[in-house]
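Below: one structure, written as structure tokens.
The numbers here are math on the coordinates, done by the rules we state, and not lab data. For clarity, every value in this text was computed on a predicted model and none was experimentally measured. Cβ sites come from the backbone with ideal geometry, for glycine too, and all protein chains shown count toward neighbours.
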Amino acid sequence: MPTGSETFVLRSTVTSPFGRKVRMAVDVLGLGSRVTVVPADTLDENDTLRLENPLGKMPCLLLPDGSAIYDSGVIIEFLADVAGSEQLLPARGLARFKALTLARLADGITEAAILMVYENRFRDPGTHSERWLTHQRGKAIRALAAFEAAPPDPAKTDIVAIGLVCALAYLDWRKPVVWRQAHPKLAAWFASFAKNEPAFERTRAPNS
């Protein structure tokens, strides 16, 4: 286990929603002085990210021994261990696995949104698959409905809230799904949580 003096490198960008999720966790856990963010380019074949994470995906956390930890959920679990904190995730028991399940549900919104954005970004005009876009949009809409039915506590910052607020902020920015009007409870949660948790604004990317 890392000592209290070891430092880490986070390969990510300020616009990555999963990178933001980790940056929020770093902020909340008080590990800002021990984690340095180094930009990564997933499309650059020469970026060392592809050596650090064979999938070439970010965020990726580099450890002092040269090894790496990924993806965002695993990184946050590791950082919570480093901080010796159960604020973001219970250490054990059913509550831990329920939190992890909801965190994955929130991540699923982000993943579906990214795939919709990439469908439009990387395919030539006229070749977009509406069937694929509808499939991904359905995932996001069903997950949003689940959170609308039972929003998290806006006064509680944990792995679920961090993942959800980053997912919703990404939807607001890239707009692959229009969500606010159909999910008023979730919109109210978003506004309240963003106001209560300073790390949300501190991790906001310029122009996002």
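For segment 18-110, run through the GluC sites (Glu not before Pro) and keep only the ones in DSSP coil with at most 16 other Cβ atoms within 10 Å of their Cβ. Don't jump to the answer; show the numbers that get you there.
Working: sites: GLU45, GLU52, GLU77, GLU86; in loops: GLU45, GLU86.
Those that pass, being in a loop and sparsely packed, are GLU45, GLU86.
What is the spin-label model distance, in nm, from ALA191 to GLU45 if the labels are put 7 Å beyond Cα along the C-beta direction?
So the label points at ALA191 and GLU45 sit 5.0 nm apart.
Tell me, Kirkwood radius of segment 69-114 from alpha-carbon pair distances, in Å?
Hydrodynamic radius (Kirkwood, Cα only) of segment 69-114 equals 11.3 Å.
Spelling out what I want: for every residue of segment 41-51, take phi, set θ = phi - 60°, compute 6.51 cos²θ - 1.76 cosθ + 1.60 (Karplus), and round to whole Hz; glycine and proline get x.
10, 5, 8, 8, 5, 8, 5, 5, 3, 6, 8
Arranged from highest to lowest average of other beta-carbon atoms within 10 Å per residue, in what order do the peptides 105-114, 128-137 appear? Provide the component values of the computation, followed by the final result.
Details: 105-114: 22.1, 128-137: 13.2.
Descending packing order for the listed peptides: 105-114, 128-137.
At 7 Å along the Cα-to-beta-carbon direction for both HIS128 and ALA155, put a label point, then send me their distance in nm to one decimal.
Modelled inter-label distance: 4.3 nm.
Which distance in Å, rounded to a whole number, links the C-alpha centroids of segment 14-43 and segment 182-208?
If we compute the Cα centre of each part, the gap is 17 Å.
Using amide H atoms built in the peptide plane, which far-off residues or other-chain residues are under 5 Å from VAL9 H to H?
Result for VAL9 returns THR36, LEU62.
Please compute the Kirkwood hydrodynamic radius over segment 8-83, one decimal place, Å, based on all pairs of different Cα atoms. Walk me through the numbers before you get to the answer.
Values: mean 1/r = 0.0824 Å⁻¹.
One decimal place: 12.1 Å for the Kirkwood radius.
When all alpha-carbon pairs of segment 94-197 are counted, what percent fall beyond 24 Å?
Details: 1268 of 5356 pairs.
Distances greater than 24 Å cover 24 percent of the Cα pairs.
Would you tally the net charge around ALA143, using a Cβ to Cβ cut-off of less than 12 Å, leaving ALA143 out, and scoring K and R as +1, D and E as -1? Can you show the working numbers first?
Details: positive: ARG104, ARG137, LYS139, ARG142; negative: ASP107, GLU111, GLU148.
Result for the local shell: +1.
In nanometres, what is the gap between the two model label sites at VAL178 and ASN207, each 7 Å from Cα along Cα-to-Cβ?
If labels sit at VAL178 and ASN207, their model points lie 2.4 nm apart.
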